[in-house]
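What follows is a single structure, written as structure tokens, with notes after it.
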Amino acid sequence: MSEQTRPPVLASTLERGMRVLALFRDHHVALSLTEIAESAGLEKSAAQRLTYTLHALGYLDRDDKTRRYRPGLRMLDLAYAFLIHDRLLERALPRMIEVSRTLRTTVNLGVLDGHEVVYKARIPHTSLAYDTTLIGVRQPAAVTAVGQVIAAFSPPEVLERMMEPGLPEPVTPFTCQDPALVRERVAQAQRDGYVITNQQIMLQEIVIAAPVIGANRQAVAAISMPVYIPEWSEERVKRELVPAITDASRTISSVVALA
């Protein structure tokens, strides 16, 4: 957060503490005090006070031998508090579980946060890599089926905000690098009611997504189903999954709209 965008009533100590906790999202190993200070942009004395406090409160654990920190069990309290208040998830989850069991596919629920997609729920069906089953995963919205289909059923400024940082660096040889193509896919989704992407984030992965429409007739989320080559092709996805995912999105949307 820059000085220009910093609200005048921002509690700076709390903001720095949250900055320390946020480090562990991108660093998947325990961190030393020096690493925390450098990564969070803090003086070492400030980092020491903050980590001591967070450790005392249970939000950080410290290895007494290495003196390195990692997230503590109390971090789960924050996630639980968010999820237990999430009415969208409460209403969508039963239908997602039903679809996953019926079609024998993984089903995800994602929302848009600026130019990123965040996954609130993931119902795995097959053996997947551990990190692909976790909630809270973020992906660049512009090249994901979830991001594109949400943009298709949102005001135009949502797509512009999603595209503002530019397209992400390719993570596979197939990651889209043409903004015009993204806009074309979003326009097509408005007509079709779904989006299919092919190997944009992960090799061999095809993803289909459909919007969850809220009471204001705009997308509040999207459900998606990832399937894998060579068992699946785009033609098979269109034939077998389009009817199922569009029906599921309508069902979830009808319940969400009543909230």
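The values are calculated or read from the model by the stated rules, or taken from the named source; none is laboratory data. Remember, it's a predicted structure, so these values are computed and weren't measured experimentally. Virtual Cβ from ideal backbone geometry, glycine too; neighbours counted across all protein chains shown.
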Exercise for review: Please tell me if Y59 is crowded, with 17+ Cβ neighbours inside 10 Å, more than 30 Å from I206 (Cβ to Cβ) and aromatic (F, W, Y).
Suggested key: yes
Review point. Using beta carbons and a limit of 9 Å, which pairs, at least six apart or on different chains, have the first residue in segment 131-145 and assigned to a loop (DSSP other than H, G, I, E, B) and the second one of a type in the set (D, E) and at pLDDT below 90?
Key: V137/D131
Exercise for review: Go over the candidates T66, T53 one by one and state the one that is surrounded by 13 or more Cβ atoms within 10 Å (Cβ to Cβ) and on the phi < 0 side of the Ramachandran plot.
Suggested key: T53
Check your understanding: Can you name every residue in segment 30-64 that is farther than 18 Å from T13 by Cβ and of a type in the set (A, V, I, L, M)?
Key -> A30, L31
Revision key, fill the gap. Restricting segment 214-259 to residues that are of a type in the set (G, A, S) and surrounded by fewer than 22 Cβ atoms within 10 Å (Cβ to Cβ), the one nearest to the chain's Cα centre (by Cα) turns out to be G214
Review point. With respect to A47, is the statement that it is assigned to a helix (DSSP H, G or I) and over 27 Å from L134 (Cα atoms) true?
Key: yes
Review point. Going by the conditions given, is S45 hydroxyl-bearing (S, T, Y), at pLDDT 90 or above and exposed (fewer than 14 other Cβ atoms within 10 Å of the Cβ)?
Key: yes
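For segment 197-207, how many residues meet the condition of being of a type in the set (A, V, I, L, M) and either part of a loop (DSSP other than H, G, I, E, B) or surrounded by fewer than 21 Cβ atoms within 10 Å (Cβ to Cβ) (or both)?
Counting residues in segment 197-207 that are of a type in the set (A, V, I, L, M) and either part of a loop (DSSP other than H, G, I, E, B) or surrounded by fewer than 21 Cβ atoms within 10 Å (Cβ to Cβ) (or both) gives 3.
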Review point. Given the conditions (1) of a type in the set (S, T, Y); (2) within 15 Å of the chain's Cα centre (by Cα); (3) modelled with pLDDT under 90, and given that T126 satisfies all but one, which numbered condition is not satisfied?
Key: (2)
Check your understanding: Which one is surrounded by the fewest Cβ atoms within 10 Å (Cβ to Cβ), of the residues in segment 89-111 that are of a type in the set (A, V, I, L, M, F, W, C) and touching a helix residue (DSSP H, G or I) at 6+ places or on another chain (Cβ under 6 Å)?
Key -> L103
Check your understanding: If a residue has to be among the hydroxyl-bearing types (S, T, Y) and part of a helix (DSSP H, G or I) to count, how many in segment 60-90 make the cut?
Key -> 1
